[in-house]
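S.K.: Supplied in structure tokens, the structure appears directly below.
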Amino acid sequence: MLARYLVVMVKEPKAGAVKTRLGARVGAATAAAFYRQMTSATLRAVARDPRWTTVLAVSPDNAMKASVWPPDLPTVAQGQGSLGDRFDRIMRTMPPGPVIIIGTDIPDIRADDIADAFGQLGSEDAVFGPSPDGGYWLVGLRRRPAVLRIFGNVRWSSQWTLQDTLANLTGHCTGYVVERDDIDTVEDLCRYRRGT
């Protein structure tokens, strides 16, 4: 059986460099502290599951060896370009096997979500974890017999992100895991804290 790779997109948690939409309302230092908490919680929830190998895709590239990352998790550079460019680069350069990409802003993420997504990639070409805002918190590709190029012409961080990505998958089989909220704004954070 081919190895399975979970790639977690992370940024060096410096004030002003992470969660900028949230930081505009609560302050850069508070947003960075929240980002550090969310990253730790995500890694605790999914990173050390023996059913897959977890890799941290780090931005900026020169932060790959930063002391904030757990020393037992391998790191790769995200590289330059749009989010789509970085996703595509990861999908093309990881070793053989299915790859799932997630971020660190999904407070309800569970290891079973990741296992479900990998299970679907046994028969589906792609899998998504949709978000209520029109985007997605998880994307995975089977990557065989070829790595599909699905991230071009996508309106990122918009209500059309998932729709645009699906348009690149015409003729391919697609699966879905549970819908989950991500936290990008104060409104998202308040809604999460209220449990609504």
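S.K.: Between SER158 and GLN37, what FRET efficiency comes out of the Förster formula 1/(1 + (r/R0)^6) with R0 = 22 Å and r the beta carbon distance, rounded to 0.05?
M.R.: My answer for the efficiency is 0.25.
S.K.: What list of ³J(HN,Hα) values in whole Hz, one per residue of region 134-141 in order, does the Karplus curve 6.51 cos²θ - 1.76 cosθ + 1.60 (θ = phi - 60°) give from phi, with Gly and Pro shown as x?
M.R.: x, x, 8, 9, 9, 9, x, 10
S.K.: Now for a separate question. Between TRP160, TRP52, TRP137, which gets the highest mean-square fluctuation from a Gaussian network model of the chain, Cα cutoff 10 Å?
M.R.: TRP160
S.K.: Ok, one more. Just the number: Rg to Rh for region 5-194, Cα atoms, Kirkwood Rh, two decimals.
M.R.: Ratio of gyration radius to Kirkwood radius: 0.94.
S.K.: Could you estimate the translational diffusion coefficient of region 109-160 from the Stokes-Einstein equation, with Rh from the Kirkwood formula over C-alpha pairs, at 25 °C and 0.890 mPa s, in whole µm²/s?
M.R.: The Stokes-Einstein estimate is 203 µm²/s.
S.K.: Can you tell me the convex hull volume per residue for region 46-88, based on C-alpha atoms, in Å³ to the nearest whole number?
M.R.: Expressed per residue, the convex hull around the Cα atoms of region 46-88 is 81 Å³.
S.K.: If packing is taken as the mean number of other Cβ atoms within 10 Å per residue, what is the order of 74-81, 62-69, highest first?
M.R.: Answer by packing, highest mean first, reads 74-81, 62-69.
S.K.: What aspartates and glutamates does LYS11 reach when the alpha-carbon gap must be under 17 Å and sequence neighbours fewer than 8 apart in one chain are set aside?
M.R.: The qualifying aspartates and glutamates are ASP61, ASP85, ASP105, ASP182, ASP184.
S.K.: May I pose another question? Note the angle between two axes, namely the Cα long axis of helix 83-93 and the longest principal axis of the Cα atoms of the chain, as a number of degrees from 0 to 90, rounded to the nearest 10.
M.R.: Long axis of 83-93 versus the principal axis of the chain: about 50 degrees.
S.K.: Relative to the first principal axis of the alpha-carbon coordinates of the chain, what is the inclination of helix 28-46, with its axis defined by its Cα atoms, in degrees from 0 to 90 and to the nearest 10?
M.R.: 40 degrees
Every read-out reported here was derived from the displayed coordinates using simple, explicitly stated rules and does not represent laboratory data. Treat the numbers as computed from the prediction; the structure is a model and nothing was measured. Backbone-built Cβ (ideal geometry, glycine too); neighbour counts: all protein chains shown.
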